[in-house]
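Peer 1: I have a structure here, written as structure tokens, and I will follow up with some questions on it.
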Amino acid sequence: MNERVDLSQVREVCPTTTRRLLDEGALMVDVRELDEVAQVAFDVPGVLLMPMSELEQRFAELPRDRDLVLVCREGERSLKAASFLKYQRYARVASMEGGLFKWARKGFPIKGAQPAPAATATAAGCSCAAPGSGRCC
Amino acid sequence: MDIKVLGTGCANCRSTIALIEQIAKAKGVPVTLTKVEELRDIMGYGVMSTPGVVIDGKVVHAGGVPSRDKIEQWLAA
């Protein structure tokens, strides 16, 4: 079966950085299951749905020559998925921390029901390179 | 025999460790059992479904608690 690989840390980005990356051509990959997406979805043109339950079979559909930002509900599954892609030698991979909850809390576009409230973001919880710069979190 | 159980601490991971310990003891097979709980270390084996079991550096199982028969086979090898 699998060989062991020393993985580098997965890059985690906040929703604001995610939007910037999308503007610059990155692809958003939503790894939530389809029933979750049916309830509420990221309103982002071109978002690719690849549920965690299908990732192992379908990951080869993902481009290697483009930045990928993986997203989920809270940022846990996307981090795992991003790590898996790193194992599969995808270099241009990031995970959006805070997931859909944080995205919606920022007022960024979603389709469907507003997700249940989660804890409020703080500057201390920001993963951006320059928190407090006014550009993020 | 070096055995690693990959998992972030779920009930199935704990059951897997307990079962391996129990069978190894019953069979008198000396094993070094290690828990690997960090996501990055787990994913370093390319294992998406946990618990995973690694024996002497090789992934032999991923997803769900392994059966008693399967563990006995590993320990007999």
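Taken together, the values in this text are just the output of simple stated rules run on the coordinates, not laboratory data. These figures come from a predicted structure and were not determined experimentally. Cβ placement follows ideal geometry from the backbone for every residue including glycine, while neighbour counts extend to all protein chains displayed.
Peer 1: For an R0 of 25 angstrom, estimate the FRET efficiency from the Cβ-Cβ distance between A:R20 and A:A60 and round to the nearest 0.05. Provide the component values of the computation, followed by the final result.
Peer 2: Details: r = 27 Å, r/R0 = 1.10.
Using R0 = 25 Å, I get an efficiency of 0.35.
Peer 1: Something else now. In the range B:2-76, with Lys and Arg counted as +1 and Asp and Glu as -1 at Cβ, which of these residues, B:G63, B:I23, B:M48, has the Cα nearest the positive end of the dipole, that is, farthest along it?
Peer 2: B:I23
Peer 1: Against the longest principal axis of chain B, how steep is helix B:11-27, in degrees 0 to 90 to the nearest 10, with axes from Cα atoms?
Peer 2: 20 degrees
Peer 1: While we're looking at this one, here's another question. Over all Cα pairs of the range A:1-58, how is the pair count split among 10 Å bins, expressed in % and running from 0 up to the last occupied bin?
Peer 2: 18, 39, 34, 9
Peer 1: Work the Kirkwood hydrodynamic radius out for the range B:2-76: mean of 1/r over every pair of different alpha-carbon atoms, inverted, in Å. Mind dumping the intermediate values first?
Peer 2: Details: mean 1/r = 0.0830 Å⁻¹.
Across the range B:2-76, the inverse of the average 1/r is 12.0 Å.
Peer 1: For the protein assembly as shown, what is the largest minus smallest coordinate of the Cα atoms on each principal axis, given in angstrom and ordered from greatest to least?
Peer 2: Answer, in whole Å and largest first: 62, 35, 34 Å.
Peer 1: Okay, next question. Put a dot 7 Å past each Cα toward the Cβ at B:T8 and B:A77; how far apart are the dots in nm?
Peer 2: Spacing of the two 7 Å Cα→Cβ label points: 2.8 nm.
Peer 1: Another question, then. Give me the one-decimal nm value for the distance between modelled label points at B:Q22 and B:D69, 7 Å along each residue's Cα-to-Cβ direction.
Peer 2: Rounded to a tenth, the inter-label distance reads 1.8 nm.
Peer 1: I'd like the distance between the alpha-carbon centres of the range B:9-44 and the range A:1-73, rounded to an integer number of Å.
Peer 2: When both Cα centres are located, 31 Å separates them.
Peer 1: List the lysines whose Cα sits under 29 Å from the Cα of A:K86, skipping any in the same chain fewer than 8 residues away.
Peer 2: Counting by Cα, and skipping residues close in sequence, A:K86 has these lysines nearby: A:K102, A:K106, B:K4, B:K35, B:K58.
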